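Enquirer: To start, I am sharing the structure in question, which I have written as structure tokens.
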Amino acid sequence: MNYIEQALAGLAESPPADLERATVVGADAGDLVAKVDSSRGPVWIAWSRTGITGLTPLFVDKTVDEFVDHHRRVAYEADVIPKLLKSEIEEALESGRSMGLSFDLRGLSSFQQSVLRTCATISNGTVRPYGWIAEELHKPGATRAVGTALAKNPIPFLIPCHRVVRSDGSVGSYAFGPEMKKELLLSEGAIAL
Amino acid sequence: MKARDASTDAEIKQVLVTNRDLGFTMLVRSCQPGIYSGARRLTHRHEDAEEVAQDTFLRAYRALDGYSDARIRDLRIRAWLWTIALNLCRDRAGHSRNETARHTGGPNAASDETPIDAASWNRRLARLSVEQRNAVVLRHVADLPIAEIAEITGRPEGTVKADVSRGLDRLRDALEREELK
């Protein structure tokens, strides 16, 4: 290789550090993630250009790297969270009403998406049995599958899977433990002590 | 989910088929530095190179929607991306030439942020014909083989070889003239 070829090869430059993030997020092939301090405690929130894709309390994933490892989509830490999105999430977590939020459930099965979207219609202060979701989806025999789909809810609190209980009235299982489920339902006035 | 830092073309294509978004992230991580480096020499401003390096992948991502799994497996990734990138460079180079001429009075003025030596090479490269410049940059900055450059530019391999050779000769002449001054 002569001098000119060497000089040309030496002209290779690294792109700016944030270009990959801008490209992947710009294509809506990946998400951004940021921490939000809410009435439910600090949580990681991930969002795409389409909607919210994930929520995980910091007591589950302590660092953003842990969250990104567990998130179902590629995600990059955001420099800032858009003010409007932040205030909408804080308000939804405070009020228990998340009907106005957009959720992006890509990557989940169509059945799981249907279960979660039906669950998202359950009002603050009320509970529904697993069988209710199955009936709403015209699959009355799919109660167990509904439970499995809810157990993998990537956006807990905002999609209120804690409001789905057993048909005998007991709270049933919950990703963060039955005690927390009971506390959430008590705080929402859905059940009494 | 995290994309791996180093992936072969075969791995990228396999993941593009099974998980489009993860495969796309691997594609960007693996190929964007090369596209940016080449675009940096084929456009006049680093902002243009950034836009080319970003738009190339956005267009590629949209194109993938219409591709069958078999077509994705058959892709020659770098040739495919550079075909898109070269068109964008051509558009940006024309646009930038007009912008630069308007603002500084010269088509070859380098950005203030460009290192001196790179700016000199940009000036020398800008004096080559478009065909020679593309061939030299794709061969010696982006490190592509002649066959792929022929595919990207739509010119026969022999012509591409001649473009590279004549481009290098002209760069050598330019350097010698500078040394004589």
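The values are calculated or read from the model by the stated rules, or taken from the named source; none is laboratory data. Since this is a predicted model, take the numbers as computed values, not measurements. Neighbour counts are summed over all protein chains in view; Cβ atoms, including those assigned to glycine, are modelled from backbone coordinates with ideal geometry.
Enquirer: Would segment B:137-145 turn up any residue that is touching a residue at least 60 places away in the same chain (Cβ under 8 Å), among the charged types (D, E, K, R) and within 11 Å of chain A (Cβ to nearest Cβ)?
Expert: yes
Enquirer: How many residues does segment A:163-178 contain that are within 18 Å of A:G96 (Cα to Cα) and not in a loop (DSSP other than H, G, I, E, B)?
Expert: Matching residues across segment A:163-178 total 3.
Enquirer: Taking segment A:78-91 as the search range and keeping residues that are surrounded by 15 or more Cβ atoms within 10 Å (Cβ to Cβ) and without any contact (Cβ under 8 Å) to a residue 60 or more places away in the chain, which one is nearest to A:A27 (Cα to Cα)?
Expert: Checking each candidate, the answer is A:A78.
Enquirer: Let me ask you something else. Name the residue, out of A:R117, A:R106, that is basic (K, R), over 21 Å from A:S187 (Cα atoms) and at pLDDT below 95.
Expert: A:R106
Enquirer: Out of the residues in segment A:51-65 that are surrounded by 20 or more Cβ atoms within 10 Å (Cβ to Cβ) and more than 12 Å from chain B (Cβ to nearest Cβ), state the one that is farthest from A:G26 (Cα to Cα).
Expert: Only one residue tops the list, namely A:T56.
Enquirer: Right, another one. Out of curiosity, is A:S114 more than 25 Å from B:L22 (Cα to Cα), polar (S, T, N, Q) and not in a loop (DSSP other than H, G, I, E, B)?
Expert: Criteria not met by A:S114.
Enquirer: Please find, within segment B:1-13, the residue that is surrounded by the most Cβ atoms within 10 Å (Cβ to Cβ) out of those that are assigned to a helix (DSSP H, G or I) and in contact (Cβ under 8 Å) with a residue 12 or more places away in the chain.
Expert: Here the residue is B:I12.
Enquirer: When you go through B:R29, B:R41, B:R90, B:R78 one by one, which is the residue that is outside any loop (DSSP other than H, G, I, E, B) and over 12 Å from the mean Cα position of the chain (by Cα)?
Expert: Within the list B:R29, B:R41, B:R90, B:R78, the selection yields B:R29.
Enquirer: Next up: For the condition away from chain B (no Cβ under 13 Å) and either closer than 23 Å to B:V28 by Cα or in contact with a helix residue (DSSP H, G or I) (Cβ under 6 Å, 6 or more places away or on another chain) (or both), what is the one hit in A:S39, A:S48?
Expert: The match here is A:S39.
Enquirer: Being touching a residue at least 40 places away in the same chain (Cβ under 8 Å), more than 10 Å from chain A (Cβ to nearest Cβ) and surrounded by fewer than 19 Cβ atoms within 10 Å (Cβ to Cβ) is true for just one of B:D69, B:D48. Which residue is that?
Expert: Residue meeting the stated conditions: B:D69.
Enquirer: Condition first: aliphatic (A, V, I, L, M) and surrounded by fewer than 17 Cβ atoms within 10 Å (Cβ to Cβ). Now tell me which residues in segment B:18-45 satisfy that.
Expert: Matches in segment B:18-45: none.
Enquirer: For A:V68, are the conditions met, namely being within 14 Å of another protein chain (Cβ to nearest Cβ) and surrounded by 14 or more Cβ atoms within 10 Å (Cβ to Cβ)?
Expert: Judged against the criteria, A:V68 is a match.
Enquirer: Taking the criterion of being hydroxyl-bearing (S, T, Y), in a helix (DSSP H, G or I) and more than 28 Å from A:G30 (Cα to Cα), would at least one residue in segment A:124-145 satisfy it?
Expert: Yes.
Enquirer: Let me ask something else. Please enumerate the residues belonging to segment A:94-119 that are within 20 Å of A:R49 (Cα to Cα), surrounded by 14 or more Cβ atoms within 10 Å (Cβ to Cβ) and of a type in the set (A, V, I, L, M, F, W, C).
Expert: Hits for segment A:94-119 are A:L101, A:F103, A:L105, A:L108, A:L116.
Enquirer: Report the residue count in segment A:1-32 for those that are more than 9 Å from every other protein chain (Cβ to nearest Cβ), crowded, with 16+ Cβ neighbours inside 10 Å and not basic (K, R).
Expert: 3
Enquirer: Within segment B:119-136, restricting attention to residues that are within 11 Å of chain A (Cβ to nearest Cβ) and surrounded by fewer than 17 Cβ atoms within 10 Å (Cβ to Cβ), which residue is modelled with the lowest pLDDT?
Expert: The selected residue is B:A119.
Enquirer: Those residues that are surrounded by 14 or more Cβ atoms within 10 Å (Cβ to Cβ) and free of Cβ contacts under 8 Å to residues at least 24 places away in the same chain, I need them from segment A:39-50; list them, please.
Expert: The answer is A:W44, and nothing else.
Enquirer: Cβ-Cβ distance below 6 Å, separation of 6 or more or different chains: which pairs start in segment A:127-142 with a residue that is among the acidic types (D, E) and end on one that is buried (at least 17 other Cβ atoms within 10 Å of the Cβ) and modelled with pLDDT of 95 or more?
Expert: The qualifying pairs are A:E136/A:T118.
Enquirer: Also, I was wondering about something else. Within segment B:32-45, track down each residue that is more than 7 Å from chain A (Cβ to nearest Cβ) and of a type outside the set (S, T, Y).
Expert: B:G34, B:I35, B:G38, B:A39, B:L42, B:H44, B:R45
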